[in-house]
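Working notes, beginning with the structure itself.
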């Protein structure tokens, strides 16, 4: 063997391995001390990058959950305030219903009006005070507010809450009191070319939906209301229509005696058809009394399945339908006997009939038409076009956007205004319930996102942990190995350092 003093290869070799073992031992100590497998980029460059990205995603998911929880909190505050507004609206509805009863005198109705005004003021105070983190929730300014729930950019959810202030709650209304018309002719000729005829060449529209009659017909509020209430698109928009019709004869009833050689035919029309539904006839010498006429009208209406009811109120003929147009056509067939004449005032039979009288001077016909009252209501603004029939329906403006009747405009000082107030409040209640329902859906949606974020964050943390964190069992085994190598290396280095001393044996 070669013996050298100036260079001890065995010692150097052992020293290098000891240094390597020391590095490994230090790495193990560091990992065991920190719990991390990767304490710096040199431990695992690619692993560090992946673990850091996973850590970023996990933190972002956790923040997204906190953001979503803030959204839920804001929604809960808004929903709680809306529930209080709902309570106030139900109180207003019952007070309007109370005011609609004519057993209330003017003083009682004014007291109810004041109660409603105070409830409206309470609604305003609630809607203006509802806030989250200084942000108003129910004043109409909370629009398109973004909740960032995801770990990446643009993973957002937009929330909007409509205004619940009194000036913004109510119903968009198109309404009119059914008009009357009369003439010395048949019903078909009296309505021809007027707003009382809904012609096959005409259309009406509500919120972009159109109705065109197949043939010329009498303008009928019930027909239009049924179309509106039966249209699926309008139903989705929350647009609904109500209608009623009551004809109170202009003139107090006086019995009519038919002349000795005269005859009288009274035709009744109910609805949009231009042909009579039934006819009541009186012959020569018969007396037309109010009670007899009422009985015959009700009997014929029932036999023909018509929604027509006749009654005598304050000695006047009152005709009521479920909103259908009612028309009366009277034909007097005159005889030659001038000694016993027949005189008929159309105003005794139908509202708006005054001005048409029949005598037996000659055979003659007179007709009167009374259209029902139509009210169309919706929670949001909508357009309408009733050109061609607006006059018959009593609609002041034939086309345009519907007018908002808000809570501030409620009037319960009369039966008619109280009935309208009930309809408006009902729409407002439905809108508040819709807002609450939407907020509930938002809360459910956000909670689902939170649950998903939390689950994803746990899984992401687990993936990061497998890369970044140390396996203590494995690392402790490695530490023991390195520790043993260090001890044996030090022992061998001591032995290697003794090798040059063998040269002394040669020098003796």
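The values are calculated or read from the model by the stated rules, or taken from the named source; none is laboratory data. All of these numbers come straight from a predicted model, not from anything done at the bench. Note that each Cβ is placed from the backbone with ideal geometry, even for glycine, and that neighbours are counted across all protein chains shown.
Restricting the search to region 313-323, which residues are surrounded by 23 or more Cβ atoms within 10 Å (Cβ to Cβ) and either more than 15 Å from residue 300 (Cβ to Cβ) or in contact with a strand residue (DSSP E or B) (Cβ under 6 Å, 6 or more places away or on another chain) (or both)?
319, 321, 323
Could you tell me which numbered condition residue 302 fails, if it satisfies all but one of (1) modelled with pLDDT of 95 or more; (2) touching a strand residue (DSSP E or B) at 6+ places or on another chain (Cβ under 8 Å)?
(2)
In region 259-293, which residues are under 11 Å from residue 342 (Cα atoms), under 55 Å from the mean Cα position of the chain (by Cα) and surrounded by fewer than 18 Cβ atoms within 10 Å (Cβ to Cβ)?
Once the filter is applied, which keeps residues that are under 11 Å from residue 342 (Cα atoms), under 55 Å from the mean Cα position of the chain (by Cα) and surrounded by fewer than 18 Cβ atoms within 10 Å (Cβ to Cβ), region 259-293 yields nothing.
What tally of residues in region 324-355 results from selecting those that are out of contact with any helix residue (DSSP H, G or I) (no Cβ under 6 Å at 6 or more places or on another chain), surrounded by fewer than 19 Cβ atoms within 10 Å (Cβ to Cβ) and more than 16 Å from residue 281 (Cα to Cα)?
Residues in region 324-355 being out of contact with any helix residue (DSSP H, G or I) (no Cβ under 6 Å at 6 or more places or on another chain), surrounded by fewer than 19 Cβ atoms within 10 Å (Cβ to Cβ) and more than 16 Å from residue 281 (Cα to Cα): 7 in total.
Would you be able to say whether some residue in region 241-258 is surrounded by fewer than 22 Cβ atoms within 10 Å (Cβ to Cβ), without any contact (Cβ under 8 Å) to a residue 40 or more places away in the chain and either closer than 29 Å to residue 330 by Cβ or in contact with a strand residue (DSSP E or B) (Cβ under 6 Å, 6 or more places away or on another chain) (or both)?
yes
Which residue is nearest to residue 441 (Cα to Cα), if the candidates are limited to region 94-119 and must be in contact with a helix residue (DSSP H, G or I) (Cβ under 6 Å, 6 or more places away or on another chain) and buried (at least 19 other Cβ atoms within 10 Å of the Cβ)?
Within region 94-119, the match that is nearest to residue 441 (Cα to Cα) is 119.
Please enumerate the residues belonging to region 383-401 that are crowded, with 21+ Cβ neighbours inside 10 Å, part of a loop (DSSP other than H, G, I, E, B) and within 28 Å of the chain's Cα centre (by Cα). Reasoning before the result, please.
Here is the first cut: in region 383-401, the ones crowded, with 21+ Cβ neighbours inside 10 Å are 384, 386, 389-390, 392-393, 395.
Then keep just the ones that are part of a loop (DSSP other than H, G, I, E, B); that gives 386, 389, 395.
386, 395, listed by residue number.
Considering only region 143-164, I want to know if a residue exists there that is free of Cβ contacts under 8 Å to residues at least 12 places away in the same chain and touching a strand residue (DSSP E or B) at 6+ places or on another chain (Cβ under 8 Å).
The answer is yes; a qualifying residue exists.
Here is a yes/no grid of residues against (1) under 49 Å from the mean Cα position of the chain (by Cα); (2) assigned to a loop (DSSP other than H, G, I, E, B); (3) at pLDDT 95 or above:
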residue	(1), (2), (3)
339	no, yes, no
347	yes, no, yes
352	yes, yes, yes
361	no, yes, no
366	yes, no, yes
376	yes, no, yes
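Is it the case that region 217-228 has a residue that's within 30 Å of residue 307 (Cβ to Cβ), without any contact (Cβ under 8 Å) to a residue 24 or more places away in the chain, in contact with a strand residue (DSSP E or B) (Cβ under 6 Å, 6 or more places away or on another chain) and crowded, with 16+ Cβ neighbours inside 10 Å?
Yes, region 217-228 contains at least one residue that is within 30 Å of residue 307 (Cβ to Cβ), without any contact (Cβ under 8 Å) to a residue 24 or more places away in the chain, in contact with a strand residue (DSSP E or B) (Cβ under 6 Å, 6 or more places away or on another chain) and crowded, with 16+ Cβ neighbours inside 10 Å.
Can you say whether residue 205 is surrounded by fewer than 18 Cβ atoms within 10 Å (Cβ to Cβ), touching a strand residue (DSSP E or B) at 6+ places or on another chain (Cβ under 6 Å) and more than 30 Å from residue 426 (Cα to Cα), as far as the supplied structure shows? Outline the logic, then answer.
Details: surrounded by fewer than 18 Cβ atoms within 10 Å (Cβ to Cβ): yes; touching a strand residue (DSSP E or B) at 6+ places or on another chain (Cβ under 6 Å): yes; more than 30 Å from residue 426 (Cα to Cα): no.
So residue 205 fails the test.
So which residues in region 214-235 are over 16 Å from residue 171 (Cβ atoms) and assigned to a helix (DSSP H, G or I), if there are any at all?
Answer for region 214-235, where residues must be over 16 Å from residue 171 (Cβ atoms) and assigned to a helix (DSSP H, G or I): 221, 222, 223, 224, 226, 227, 230, 232, 233.
Among the listed residues 193, 238, identify the single one that is touching a residue at least 24 places away in the same chain (Cβ under 8 Å), assigned to a loop (DSSP other than H, G, I, E, B) and at positive phi.
One residue alone meets the criteria, 238.
Yes or no, residue by residue, for (1) loosely packed, with under 13 Cβ neighbours inside 10 Å; (2) touching a strand residue (DSSP E or B) at 6+ places or on another chain (Cβ under 9 Å); (3) under 21 Å from residue 148 (Cβ atoms):
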residue: 10; (1), (2), (3): no, no, no
residue: 18; (1), (2), (3): no, no, no
residue: 24; (1), (2), (3): no, no, no
residue: 29; (1), (2), (3): no, no, no
residue: 33; (1), (2), (3): yes, no, no
residue: 44; (1), (2), (3): no, no, no
residue: 65; (1), (2), (3): no, no, yes
residue: 68; (1), (2), (3): no, yes, yes
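Specify which of the listed residues (50, 72, 38) is closer than 28 Å to residue 150 by Cα, under 56 Å from the mean Cα position of the chain (by Cα), touching a residue at least 12 places away in the same chain (Cβ under 8 Å) and not in a helix (DSSP H, G or I).
The match here is 38.
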